[in-house]
1. Which residues, counting only those in segment 116-148, are of a type in the set (S, T, Y) and either under 20 Å from F93 (Cβ atoms) or in contact (Cβ under 8 Å) with a residue 12 or more places away in the chain (or both)?
2. Given segment 173-266, what helices (runs of 4 or more DSSP H) lie entirely inside it while holding 2 or more residues that are modelled with pLDDT under 85, acidic (D, E) and surrounded by fewer than 19 Cβ atoms within 10 Å (Cβ to Cβ)?
3. With respect to T182, is the statement that it is more than 30 Å from S83 (Cα to Cα) and in contact (Cβ under 8 Å) with a residue 24 or more places away in the chain true?
4. Given V88, V50, which one is in contact (Cβ under 8 Å) with a residue 60 or more places away in the chain, out of contact with any helix residue (DSSP H, G or I) (no Cβ under 6 Å at 6 or more places or on another chain), under 30 Å from P205 (Cβ atoms) and part of a helix (DSSP H, G or I)?
5. Which of the residues spanning segment 261-280 are closer than 23 Å to V74 by Cα and within 11 Å of the chain's Cα centre (by Cα)?
6. Could you tell me which of the residues N72, N66, N40 is exposed (fewer than 12 other Cβ atoms within 10 Å of the Cβ), out of contact with any strand residue (DSSP E or B) (no Cβ under 6 Å at 6 or more places or on another chain) and in a helix (DSSP H, G or I)?
7. Considering each of L81, L69 in turn, give the residue that is more than 22 Å from G175 (Cα to Cα), under 25 Å from the mean Cα position of the chain (by Cα) and among the hydrophobic types (A, V, I, L, M, F, W, C).
8. How many residues are of a type in the set (F, W, Y) and buried (at least 18 other Cβ atoms within 10 Å of the Cβ) if we restrict to segment 75-104?
Amino acid sequence: MDGQISKKAALKIAPSKAIIYILLSLWALTTIFPFVWVINNSFKPRSQIVSDSFSLSTGENFTLENYKLAFNRVNIGSAYLHSLTVSVSVMAFVILFAGFAAYGLARYNFKGKGFLESLIIASMMFPVFSTIIPVFTMEKNWGIASTNTVFLSLLSVTLPQIAGNLSFAIVVLRGYIRGLPTDLEESAFLEGCGAVKAFFKIIVPITKPSFATVAIFSFLWSYNDLFTQIFFLRRKDEFTITRLLNELTSMEGTNYGLMAAAVTLVVIPVLIAYIFLQKNIIKGMTAGALKG
């Protein structure tokens, strides 16, 4: 009897919570429906999309031609490789540089530290388009941008993306490291460890949630950064996946099946990454906020 009462009590939902759940469900539907619609149309013939874009892609309406065309005509495989090369490089260097900077700001006192911290936070307020022209000019003078070399073109995209992600990464990691006790580090120093060894042996393992958050956001921001890629990637053999999609929109503006397939191929890796890593994202962000 008591068990039945407790189950009934557990099933009861306050009216206010029910309204919140309904509103959130409706909001989720407005976000999910366009993506489902695009995936559905990516498996339809072009004529069927124009005549009836809301019907299901089943039976005669189902085709893989859009995906075959995407890989054969616009070389999506190469664009994927370029995107992964740039995004993984950005992620790795942001983790390394931001980790060292955050550790130094959290653990050491030096002249100008307060000004440096303020400068890092202030740099987050400048949008990318306000600095893209001088950055492009600087890289062109270095001989990196507009060289007709794939490696240098990808490098010219990677460098500003690393710089653009550093401030956020430093703020997140510094907040987490600052809240950690110094006992383990002091013991390591007494055993003869240097600062670098203590960082890799003690700080990095303890701060895995925040490092995971920085890694995920750096990767996704680099992957989706169309604005920087438009400036530095001009030739088709240099394109990343998002740059290729932008070019495809202008080239194949009326081929809705091909465009739907391309959008699906661009979004699915990001969606999969978020689904599997969302716990690390939430855990790292909340931990950094609480400890900071």
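The values are calculated or read from the model by the stated rules, or taken from the named source; none is laboratory data. As the structure is a computational prediction, the values presented were derived from the model and not from experiment. FYI the Cβ positions are ideal-geometry reconstructions off the backbone, even for glycines, and counts take in every protein chain you see.
1. S123, T131, S146, listed by residue number.
2. By residue number, 183-190.
3. Considered against the rule, which asks whether it is more than 30 Å from S83 (Cα to Cα) and in contact (Cβ under 8 Å) with a residue 24 or more places away in the chain, T182 comes out as yes.
4. Criteria check complete, one pass: V88.
5. Once the filter is applied, which keeps residues that are closer than 23 Å to V74 by Cα and within 11 Å of the chain's Cα centre (by Cα), segment 261-280 yields P269, V270, L271.
6. Only one candidate qualifies: N72.
7. L81
8. Counting residues in segment 75-104 that are of a type in the set (F, W, Y) and buried (at least 18 other Cβ atoms within 10 Å of the Cβ) gives 2.
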